[in-house]
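The values are calculated or read from the model by the stated rules, or taken from the named source; none is laboratory data. Bear in mind the structure is a predicted one, so any value in this text is a computation, not a measurement. Positions of Cβ are backbone-derived with ideal geometry, glycine not excepted, and every protein chain shown enters the neighbour counts.
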There are 2 protein chains.
Amino acid sequence: MSTEEAKVKLYWLEQSRSQRILWLLEELKVKYEVEIFHRNKQTFLAPPELEKVHPLGKSPVITITPAGADAKPIVLAESGWMTEYLCTHYPEGQRLVPKRWQEGKENTIGGETEAYMRYKYYLHYAEGTLMPYLVMSLVIGRLKGGDIPFFVRPITSIVANRIISLFIAPNIKKNLAMLNDQLSTSGGKYLCYDQLTAADILMSFPLLAAKGRFAEIVPGWEKTYPRVVEYIKTLESNPGYKKSVAKVEELDGKFQASL
Amino acid sequence: MSTEEAKVKLYWLEQSRSQRILWLLEELKVKYEVEIFHRNKQTFLAPPELEKVHPLGKSPVITITPAGADAKPIVLAESGWMTEYLCTHYPEGQRLVPKRWQEGKENTIGGETEAYMRYKYYLHYAEGTLMPYLVMSLVIGRLKGGDIPFFVRPITSIVANRIISLFIAPNIKKNLAMLNDQLSTSGGKYLCYDQLTAADILMSFPLLAAKGRFAEIVPGWEKTYPRVVEYIKTLESNPGYKKSVAKVEELDGKFQASL
């Protein structure tokens, strides 16, 4: 793994999924640069400059320029994929990925460890299942807010509440219940087992950024899903997470985790 | 890979992402069972029986029971992850996954082939980025439909159109533009290179199921993104896809791909 000279750059956007990649880079003990982007204050959209890095103009996106004079930068997008890529190529990644095979069961169906099966599931679940409900609750929630003219807001609020109660809340409840259950069977404080994995880092964004919204969507959630509450606290108090927050405060003056 | 006796079962739901896993199983030449589920006719939600298989009650979900008397079934959810799992364990999977390393560049940063980099990206992108916009367009689109009382529908329609024009349509355009561009540089008819990969199978659901909606959201899309139109036709005419449709017609009487 000739990673010594590869240059890593994270294109960071405020209040975005990029914070977890910053945390991951801290854990991997990789040297990296950060370029800071801010959202448009009116539309809350990412600035168009990000489209120069990746055509979708989203964050996180990272570039890695391998060592060597003729090396072209690799552009990585999709949090789950960049997590896998970074953990594969940097030695500290081994600490963040559970052991794959059970002793003597290498390369057989069902031969994977429980921790590894969970790890790979959450690598896809964080963005493939959990985040879409949270983004939708954010968009639908705006139907009740100040962007809507006050004389139609009573109607749009009824419609928003109906979508939330019929579609969003039941799904968020199911997801919180599953996570609460998984945390009770992981054998530790984290989702896969008793140690931090890169999947926990990936899961940190939806949970930390949305924790303020759960109370609104699922009243009493803290009593119903206590292990999830505990897990969120564990993530927030992790030294690597704190370092990533300090890094943003150093570069950008302030830090806000909300969705 | 002692896969000969493992029992695979797909829990299939009408008008869902499960169709692509059926296609994948056909390509893998795996023996499998299918259990058919239908959506609630009023709410269009998946039936609660699916929650007995996986706590989120979604489809696709598959169980694989390894050979051996004491074997417990493995439950796999998240399309991207089950795709990886199946392609790893079944020999035909090698045909559906691009070669990983460039000759002489094994285990180095940037040593992966372009096709492999694309493959892994799309494994996360299909659900992590593209699907959420399509699901949101479906949910927001209902604000204009018959479920909304006629006397408030003019207002909810204005709001829906605003969300679509400010948030959903620009993002869907960017995604279609990226796919159109990627298809022009893949060196073939598919996204990663000139051959079908499991990533194309994964991408088939959002594209085939949503193609009827693109015209509504992005008028003139067929002229603007001709390679995407061509790609959708290529997927639909693939023998494996056709087999998966025939399988559903055999088991369930009819097949409908819409989202």
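Number of residues in segment B:36-64 that are facing chain A (nearest Cβ under 8 Å) and basic (Lys, Arg): the value is 1. Among the residues of segment B:141-167, what is the count of those that are more than 9 Å from chain A (Cβ to nearest Cβ), assigned to a helix (DSSP H, G or I) and hydrophobic (A, V, I, L, M, F, W, C)? Looking only at that region, the number is 2. For residue A:136, the test of being in contact with a strand residue (DSSP E or B) (Cβ under 7 Å, 6 or more places away or on another chain), in contact (Cβ under 8 Å) with a residue 24 or more places away in the chain and not hydroxyl-bearing (Ser, Thr, Tyr) is failed.
Of the residues B:186, B:137, B:204, the single one that is more than 10 Å from chain A (Cβ to nearest Cβ), surrounded by 22 or more Cβ atoms within 10 Å (Cβ to Cβ) and over 30 Å from residue A:150 (Cβ atoms) is B:204.
Taking the conditions exactly as written (at the interface with chain B (Cβ under 8 Å from one of its Cβ atoms) and over 24 Å from the mean Cα position of the chain (by Cα)), does residue A:110 satisfy them or not? Answer is yes for this residue. Scanning segment A:143-161 finds one or more residues that are within 23 Å of residue A:16 (Cβ to Cβ), out of contact with any Gly (no Cβ under 8 Å at 6 or more places or on another chain) and of a type in the set (A, V, I, L, M).
Within the option set B:71, B:67, being of a type in the set (Gly, Ala, Ser), within 12 Å of chain A (Cβ to nearest Cβ) and in contact with a strand residue (DSSP E or B) (Cβ under 8 Å, 6 or more places away or on another chain) holds for one residue only, B:71.
Quickly run through segment B:59-103 and pick out the residues that are over 23 Å from residue B:203 (Cα atoms) and assigned by the TED database to the domain that holds residue B:26. It would help to see each step written out before you state the result.
The initial filter retains those residues of segment B:59-103 that are over 23 Å from residue B:203 (Cα atoms), namely B:64-74, B:101-103.
Listed by number, the residues that qualify are B:64, B:65, B:66, B:67, B:68, B:69, B:70, B:71, B:72, B:73, B:74.
For segment B:154-197, a residue qualifies if it is of a type in the set (Gly, Ala, Ser) and closer than 20 Å to residue B:226 by Cβ, and the qualifying residues are B:169, B:177, B:184, B:186, B:187, B:188.
Could you say whether any residue in segment B:4-21 is surrounded by fewer than 21 Cβ atoms within 10 Å (Cβ to Cβ), under 22 Å from residue B:138 (Cβ atoms) and within 14 Å of chain A (Cβ to nearest Cβ)? Yes, because at least one residue in segment B:4-21 is surrounded by fewer than 21 Cβ atoms within 10 Å (Cβ to Cβ), under 22 Å from residue B:138 (Cβ atoms) and within 14 Å of chain A (Cβ to nearest Cβ). Against the list (1) surrounded by fewer than 17 Cβ atoms within 10 Å (Cβ to Cβ); (2) touching a Pro at 6+ places or on another chain (Cβ under 9 Å); (3) within 14 Å of chain A (Cβ to nearest Cβ); (4) not charged (D, E, K, R), the condition residue B:195 fails is (3). Scanning segment B:43-88 for residues that are without any contact (Cβ under 8 Å) to a residue 40 or more places away in the chain and of a type in the set (Val, Ile, Thr) yields B:43, B:74, B:75, B:88. In this structure, does residue B:33 turn out to be more than 14 Å from chain A (Cβ to nearest Cβ), touching a Lys or Arg at 6+ places or on another chain (Cβ under 8 Å) and modelled with pLDDT of 95 or more? Against the criterion (more than 14 Å from chain A (Cβ to nearest Cβ), touching a Lys or Arg at 6+ places or on another chain (Cβ under 8 Å) and modelled with pLDDT of 95 or more), residue B:33 qualifies. The test for being among the β-branched types (Val, Ile, Thr), free of Cβ contacts under 8 Å to residues at least 60 places away in the same chain and farther than 21 Å from residue B:135 by Cβ does not hold for residue B:36. The residue that is surrounded by the fewest Cβ atoms within 10 Å (Cβ to Cβ), among those in segment A:47-75 that are among the small types (Gly, Ala, Ser) and closer than 22 Å to residue A:23 by Cα, is A:57.
Against the definition (of a type in the set (S, T, N, Q), under 16 Å from the mean Cα position of the chain (by Cα) and assigned by the TED database to the domain that holds residue A:135), how does residue A:224 come out, yes or no? No: the conditions fail for residue A:224.
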